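Every read-out reported here was derived from the displayed coordinates using simple, explicitly stated rules and does not represent laboratory data. Since the model is a prediction, treat every value here as computed from it, not as a measurement. No Cβ is skipped: glycine too gets one built from the backbone with ideal geometry, and neighbour counts run over all protein chains shown.
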Amino acid sequence: MVQKKSAKAAGSPRRSGQAHLRALVEASIEAVRERNAAHPDADFALEPVNPVRIVFAFSGGRDSTALLEILSRIRNAAGQSRIADLTVVHVHHGLSCNADAWVEHVQSFCKARGLTLEVVRVYVNPRAPEGVEAAARQARYRALLRIARERRADVIMTAHHQDDRIETFLIQWLRGAGPEGLAAMSPVRSFEMAGSEGAGIALVRPWLDVSGEEIERFARKARLTWVEDESNSDTRFLRNLIRTEMLPHLDAARPGWRKAAARSVGLVAESAELISSIGREDLALCAGSRPGTIAIGRFLKLSAQRQALCLRAWLTSQGLKAPPKVRLEEMLRQVRQTQGAGSMCFHMEGREVRRWGENLVIVDVPAPARASDALQRTIVWKGEPEVSLGLWGGVLRFEPCDGNEDGLDGQRLRAGKLEVRPRRGGEKLKLHRLRPSRNLKHLYQEAKIPAFERGRLPLVWLDDQLVFAAGLGCDVRHYADRTLVAERVRLVWVPDQPLLSS
């Protein structure tokens, strides 16, 4: 059964309440409009208007209900030019027995206001190692991001407020977080998740300086109805414990402390941004020879503290979450004390930080199947221009040779036993007619292909003879006679993601 709260009338709210809340929402929209004007989308720039596409996270609770009410009034106002599109998203986590009833409530609310609603059902592992709250939050933001990308939105907007910000600060403080973690939340920032999927989308929280009491007064005066999540009273969750057990004692001991605390959080956020800007500046100075890499020589000239800031900025720029202090220090130790591509390997979120020559690089972790026979497969070539190699993550192209160009016998490729196999060691290839065959390891070294990339390179065998090694080329001993064979074919490996040596 859905738990609802409504308000007939409760006291006399401040006369400026609604106007204040609306002004904050309008200001946040203006901030995004200015952002769009500075970085216009070629497909969407109605200057000087620059209306904003918004995806709104609607739980159905008091805060999101109040904010959506304000948004709907702005959006439905005659002649408004701020909002081009407003999509309301309700994420059904499946964690509460009341979740279906909440869906009915948000559907009714949106229908009454003519709002577009998307209900997204997600799975949350109740035994997730990071905790059910964190798992639910990740699933929720992934759903919001997906819809934002589908709708080509500029903004994902949430109803977090001052109390949420203070609670997050205290949680981070208890966990021993640094300035970036203690900054808790910012009103407008770029959306960040693993990877660069959120590029160009702003995460906007217009009410971060608004107390829960002010939102409650508006909601009651507007006679809004909302749902209550019963898990909010479960003190097994740290946030709820802080909200219900800790903060009331502070309210009693020092009335008005929340405004002072919010001011401190804001100052910490300013400091965190300054620190981050130093890291970004150092990252630009330490840029490696290839995009997205760090030049180790320049990096090691920084002080230890600035090395840590630069490394954090680099990881963030590559879509990775900066690790805790202990792991960051271990990464820095490996950078300072190791040499060679095979001597440093730091695993992070399915990727690896490695040394490659004079640079630090981030590479994808090879799939577990790469170490097994799962990668060995037979190819049946019928003359098509390319064949997908599945788990290898790329395609093998069969390109016709021109004139006197060397290549493999096309008819033999059709009729013979054509296989793709992973490297097992000891294979040799002859790349030049006047030079002997050589071990693949030495050929890869000459081609400057790092050892950690070689497992991604397929080998092509024809009738149990190695004829082609990706990244190197064909064995010249298997080239067809140009005077006798008209159909000659050149093999080309095209990976989904380019190698560092390419």
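Overview of values
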item	result
Highest average packing first - 114-125, 86-97, 59-70, Cβ atoms within 10 Å	59-70, 86-97, 114-125
Relative contact order of region 274-414, pairs being alpha-carbon contacts under 8 Å that are 6 or more residues apart, as %	16
Inter-label distance for Ala112 and Glu405, nm, one decimal - labels placed 7 Å from Cα along Cα-to-Cβ	6.9
Distance between modelled label sites at Ala101 and Glu270, nm, 7 Å Cα→Cβ extension	4.7
Region 324-333 - phi-based ³J(HN,Hα) in whole Hz, Karplus 6.51/-1.76/1.60, Gly and Pro as x	x, 4, 5, 5, 5, 5, 5, 4, 5, 4
Calculated SAXS-style log₁₀ I(q)/I(0) at q = 0.10, 0.12, 0.13 Å⁻¹ - the chain, Debye, Cα scatterers	-0.93, -1.14, -1.25
Dimensionless Rg/Rh of region 386-459 - Kirkwood Rh, Rg from C-alpha atoms	0.98
Quarter of the Cα convex hull surface for region 369-495, i.e. its orientation-mean projected area (nm²)	7.7
Gyration tensor (alpha-carbon) shape descriptor, region 286-364, a/c threshold 1.5	rounded
Phi to ³J(HN,Hα) by Karplus 6.51 cos²θ - 1.76 cosθ + 1.60 over region 63-70, Hz, x for Gly, Pro	5, 5, 5, 5, 5, 5, 4, 5
Lys/Arg +1, Asp/Glu -1 at C-beta; the chain dipole; positive extreme among Leu320, Ala136, Ala261	Ala261
Region 262-308: equivalent-ellipsoid semi-axes (sqrt of 5 x gyration tensor eigenvalues, Cα, Å)	28, 11, 6
Extended-chain gain in nm, criterion 0.36 nm per residue less alpha-carbon gap, Leu300 and Lys321	5.4 nm
The chain - charge dipole about Cα centre, Lys and Arg +1 at Cβ, Asp and Glu -1, debye rounded to 20	580
Karplus 3J(HN,Hα) series, Hz, for region 162-172 with 6.51 cos²θ - 1.76 cosθ + 1.60 (x for Gly, Pro)	4, 5, 4, 5, 5, 4, 5, 4, 5, 4, 5
Cut-off under 5 Å, modelled amide H: who pairs with Asn50 long-range	none
Degrees, to the nearest 10: 257-285 long Cα axis against longest axis of the chain	20
Using a Förster distance of 41 Å, the FRET efficiency for Asn240-Asp464 (Cβ separation, nearest 0.05)	0.05
Calculated diffusion of region 4-269, Stokes-Einstein form, Kirkwood radius summed over Cα pairs, 10 °C and 1.306 mPa s, µm²/s	82
On Cα atoms only, tilt of 212-221 relative to the major axis of the chain in degrees	60
Length gained when the stretch Asn232-Arg397 is fully extended (0.36 nm per residue, less Cα-Cα span)	53.7 nm
The chain: calculated mean residue ellipticity at 222 nm from DSSP helix runs of at least 4, using -39500 (n - 2.57)	-11500 deg cm²/dmol
